[in-house]
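What follows is a set of notes on a single structure, which appears directly below.
The values are calculated or read from the model by the stated rules, or taken from the named source; none is laboratory data. All figures in this text were calculated on a predicted structure; none of them were measured in a lab. Positions of Cβ are backbone-derived with ideal geometry, glycine not excepted, and every protein chain shown enters the neighbour counts.
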Amino acid sequence: MTAACVVTGLGVAAPNGVGTEEFWTASLTARRGIAPVERFDASSYPSSLAGEITDFDPAHLLTGRLLPQTDRMTRMALVAADWAVTDAGVEPGLLDEFDMGVITASSSGGFEFGHGELEKLAARGSEYVSAYQAFAWFYAVNTGQISIRHGMRGPSGVIVADQAGGLEALAQARRQIRRGTGLVVSGGIDGSLCPWGWVAHQASGRLTTSADPARAFLPFDEDADGHVPGEGGAILVVEDADSARARGNERVYGEIAGHASTFDPPPGSGRPPALERAIRLALDDAGVEAREVDVVFADAAGEPGPDAAEADALRSVFGPFGVPVAAPKALTGRLYSGGGPLDVVAALLTLRDGLLPPAPGIAVRAEYEIDLVVDAPRAVDAATALVLARGHHGFNSALVVRRPAPTRREAHR
Amino acid sequence: MSATLTPDDLLRILRECAGDDGTLDIAQDVLDRTFTDLGYDSVAVLETAGRVSREYGVAIDDDVVAEADTPRALLSIVNAA
């Protein structure tokens with residue numbers, strides 16, 4: 001019998017709310033985090049909307065030593081990790097340093113930091129480029145900085161798989177816990193909302209060109225024509241259930257009960273996309289039947305082709321309108337490697353509070369036959385949630401979270 | 001010979017390049033404490049040396065910088081260059 005892998009701490013930075021409860025309230029009250037880009041002038045680009053975090057002040061949250069050497073997304077990751085570790089009640093010295101690992105996801109590293117250094121290189125010469133560029137841009141930098149800050153020297157790493165990466169990081173954390181590590185800080189915080197990053201996003205061809213924040217990112221809608229890029233995500237503390245109990249932890253948000261990843265066949269192969277297989281394998285891994293899944297958090301690409309493919313997979317596994325589907329990312333934009341972990345947080349809070357967040361204003365295409373929660377939060381007594389994420393070029397990831405088993409004390413009430 | 005780098009200037013540049021949490025007080029004999037002890041890693045020292053090299057117009061070899069383990073050692077490297 002393999003011990004359960006449980007989530008004991010959450011830390012969130014999202015475009016519509018910084019802090020776990022701030023994000024959750026914003027999601028349930030349909031507060032949108034999508035607006036015209038403020039950080040630089042994006043008005044001359046085809047796309048000019050973003051899910052920007054506008055109320056994050058690193059100078060008040062981090063030491064002066066960290067500021068010269070960190071990209072914005074690393075600062076947010078460090079703060080979210082602090083919150084998650086505090087939320088879990090993990091104090092320094094409580095666990096052996098080699099029994100705690102850090103496994104995060106990243107899609108593009110510290111783009112904004114790199115943009116600044118490229119400017120110095122072009123305008124003033126190589127001797128002006130910061131030595132910190134050596135690691136501040138790097139995919140693994142959030143993992144490294146969190147590891148240093150909290151003295152966590154157990155199994156660590158980074159996963160790069162576009163939007164699928166965040167769920168893959170949590171799955172890798174679960175693997176390491178099953179191999180014997182007590183605790184892993186995991187998830188992902190992403191973001192590249194700087195002029196250089198913006199050009200890269202434009203080049204993807206997957207952004208909406210709408211300038212109306214309320215009608216820009218419309219997953220599963222008739223008018224879906226691309227996504228809005230955002231920044232942020234979530235960091236989670238994942239633990240072996242027995243080890244968490246042994247250190248006196250009392251609160252568990254939920255269990256990471258199953259996971260699977262698949263890769264799509266190459267274009268033109270004639271074979272179907274592999275999302276459905278990822279879902280079925282994840283349910284098998286969790287030991288649950290499709291009818292036992294109470295809610296699904298969709299990848300929600302917001303483009304007609306990928307939306308249809310996701311709806312097909314959901315219909316095949318659950319039947320037409322077979323399960324409530326949530327897409328809270330309609331309020332934040334797509335957060336790349338931060339998106340999956342943020343959806344996992346939303347799923348865990350749905351298990352806790354019995355409410356599914358809405359994706360307001362979306363009129364689902366009739367032929368998709370999915371039960372998307374749209375205009376208001378929906379009450380659900382959910383014990384099992386499925387979270388989906390897909391990365392560009394074929395990554396599919398499916399993760400099952402389950403309501404925690406009642407503690408002995410609760411069971412005796 | 002270019003301008004001499006004073007201890008005050010070195011600490012100012014260190015602070016600007018690598019940040020400070022109020023520990024860099026010249027009255028506290030920080031010049032002879034190791035960079036590690038002061039909380040600065042090798043990249044912080046490299047970044048500081050690069051900045052000094054630009055501001056003071058001196059060429060300092062990265063390998064020589066790597067051997068400077070205290071602010072005073074870095075000062076003497078710069079002022080001998």
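Assorted remarks:
- Sole residue being surrounded by 18 or more Cβ atoms within 10 Å (Cβ to Cβ) and more than 19 Å from B:Glu16 (Cα to Cα), chosen from A:Ser130, A:Ser106: A:Ser106
- Of the residues making up the range A:375-390, those that are crowded, with 20+ Cβ neighbours inside 10 Å and either without any contact (Cβ under 8 Å) to a residue 24 or more places away in the chain or in a strand (DSSP E or B) (or both) number 7.
- Some residue of the range B:54-75 being more than 14 Å from chain A (Cβ to nearest Cβ), surrounded by 13 or more Cβ atoms within 10 Å (Cβ to Cβ), of a type in the set (Val, Ile, Thr) and over 23 Å from A:Gln133 (Cβ atoms): yes
- Candidates A:Thr54, A:Thr25, A:Thr29, A:Thr74, filtered to the one that is hydroxyl-bearing (Ser, Thr, Tyr) and under 29 Å from A:Met152 (Cα atoms): A:Thr74
- Helices (runs of 4 or more DSSP H) enclosed by chain B - at least 1 residues per element that are more than 12 Å from the chain's Cα centre (by Cα): B:35-38, B:42-56, B:62-67, B:71-80
Each row is one residue, and each column tells you yes or no for (1) closer than 16 Å to A:Leu335 by Cα; (2) touching a helix residue (DSSP H, G or I) at 6+ places or on another chain (Cβ under 9 Å).
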position: A:Thr181; (1), (2): no, yes
position: A:Gly191; (1), (2): yes, yes
position: A:Ser210; (1), (2): no, no
position: A:Phe220; (1), (2): no, yes
position: A:Gly232; (1), (2): yes, yes
position: A:Arg247; (1), (2): no, no
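- Applying the criterion of at least 2 residues that are more than 14 Å from chain B (Cβ to nearest Cβ) and of a type outside the set (Lys, Arg) to the helices (runs of 4 or more DSSP H) found wholly in the range A:39-141 leaves A:72-87, A:111-124.
- Residues that are of a type outside the set (S, T, N, Q), within 29 Å of A:Asp375 (Cβ to Cβ) and in a loop (DSSP other than H, G, I, E, B) are absent from the range A:169-184.
- Residue in the range A:163-170 that is touching a Leu at 6+ places or on another chain (Cβ under 7 Å), away from chain B (no Cβ under 12 Å), over 15 Å from A:Gly109 (Cα atoms) and buried (at least 18 other Cβ atoms within 10 Å of the Cβ) present: yes
- Members of the range B:7-33 found to be out of contact with any Lys or Arg (no Cβ under 9 Å at 6 or more places or on another chain), among the β-branched types (Val, Ile, Thr) and in contact (Cβ under 8 Å) with a residue 24 or more places away in the chain, listed by number: B:Val30
- Set A:Phe98, A:Phe111, A:Phe23, A:Phe40: member being touching a strand residue (DSSP E or B) at 6+ places or on another chain (Cβ under 9 Å) and not polar (S, T, N, Q): A:Phe23
- Filtered residue count, the range A:243-272, keeping only those that are acidic (Asp, Glu) and modelled with pLDDT under 95: 1
- Looking only at the range B:13-43, and only at residues there that are touching a Phe, Trp or Tyr at 6+ places or on another chain (Cβ under 8 Å) and at the interface with another protein chain (Cβ under 8 Å from one of its Cβ atoms), the one that is nearest to A:Ala59 (Cα to Cα): B:Ala18
- Sole residue being over 24 Å from A:Ala211 (Cα atoms) and modelled with pLDDT under 95, chosen from A:Arg390, A:Arg408, A:Arg352: A:Arg408
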